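Here the structure is laid out as structure tokens; the discussion comes afterwards.
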Amino acid sequence: MLPALGIHSCRKSDRLSALRPPEHWNGRLVVLVHGLTHRGVVLKNLGNFLRTRGYRVWLYDYSTYNRKSLLGHSSNLRNRLEELVRRQPEEAPLDLVTHSMGGLLFRAVWAEASPELRARFGRIVMLAPPNRGSRAASRALRLLPVLRHLSPPLADLRREPDSTANQLPWPEKIDIGIISGSRDWEVRPDEWPMPGMTDHWMAIGGHAFLMQRHAVWLQVAEFLKTGRFRKGPSGGTDGGNDGKVTGK
């Protein structure tokens with residue numbers, strides 16, 4: 001989540017890119033939204049996996065190394081989602097899968113969404129969302145104040161009560177599942193929960209590339225399909241699984 005300048009690229013951002021359509025569409029749309037320092041391509045493997053499960057998938061790509069705040073990015077995302085649903089069949093639900101700050105973009109979109117867009121939202125899966133802010137973000141800004149200028153959204157993720165993360169309203173009347181990482185030092189166990197979340201599952205792994213684990217892909221697909229994560233003998237955790245899961 002913290003700025004890693006080598007990950008940044010200069011290609012055009014703030015756009016939705018469609019993956020190849022599935023062979024047999026299941027009637028649902030999915031938009032994948034990355035977090036701070038990443039670009040949309042980091043979610044492409046997950047997107048292709050969901051495509052094999054019948055979803056029409058779009059990657060939302062934006063750069064966090066510009067002058068836009070979190071709310072600036074969420075405004076762009078809201079506009080893209082509004083355009084997307086206008087072009088798709090009215091009966092098709094719109095699901096979102098977000099990583100890290102992407103979850104806060106969804107919360108900000110929800111707060112400002114039109115009734116028509118809200119009505120289209122289906123199920124939401126948040127991977128390691130800093131819903132209550134992140135101590136790691138606060139610490140990074142104290143140690144390196146220049147980061148506030150290099151990546152303005154970082155200040156929105158602070159743990160302090162006045163941060164954007166702690167000021168956004170909580171979505172209501174929607175299925176939201178959260179996947180946290182067992183070795184996540186950037187979003188700690190008291191930083192991802194949110195009121196009204198439907199379910200939670202803990203994966204083995206850290207923060208930055210949680211979306212690359214096959215076990216996570218399976219759980220994302222399970223929640224999008226049923227509104228619940230699949231629980232094994234260890235309950236709502238990976239239970240020592242190394243990710244080599246065959247699924248159903």
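The values are calculated or read from the model by the stated rules, or taken from the named source; none is laboratory data. In this text the structure is predicted, and so the values were computed from the model without any measurement. Positions of Cβ are generated from backbone atoms using ideal geometry, with glycine treated the same way; all protein chains shown enter the neighbour counts. With ligands, DNA and RNA removed, areas are computed over all heavy atoms of the protein, side chains included. Shrake-Rupley method; radii C 1.70, N 1.55, O 1.52, S 1.80 Å.
Observations, loosely collected:
- Residue check, L59 surrounded by fewer than 23 Cβ atoms within 10 Å (Cβ to Cβ), within 24 Å of M211 (Cα to Cα), in contact with a strand residue (DSSP E or B) (Cβ under 8 Å, 6 or more places away or on another chain) and of a type in the set (A, V, I, L, M, F, W, C): yes
- Looking only at segment 155-195, and only at residues there that are in a helix (DSSP H, G or I) and touching a residue at least 12 places away in the same chain (Cβ under 8 Å), the one that is surrounded by the most Cβ atoms within 10 Å (Cβ to Cβ): A165
- Flag for A119 being of a type in the set (A, V, I, L, M) and open to solvent by 50 Å² or more (accessible area, probe 1.4 Å): yes
- Within segment 43-97, tally of residues that are under 23 Å from S180 (Cα atoms), of a type in the set (S, T, N, Q) and in contact with a His (Cβ under 8 Å, 6 or more places away or on another chain): 1
- Summed over segment 152-180, residues that are among the charged types (D, E, K, R) and under 18 Å from the mean Cα position of the chain (by Cα) total 4.
Quick grid of which residues meet (1) open to solvent by less than 10 Å² (accessible area, probe 1.4 Å); (2) of a type in the set (A, V, I, L, M, F, W, C); (3) at pLDDT 95 or above:
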site	(1), (2), (3)
F49	no, yes, yes
N79	no, no, yes
D95	yes, no, yes
H99	yes, no, yes
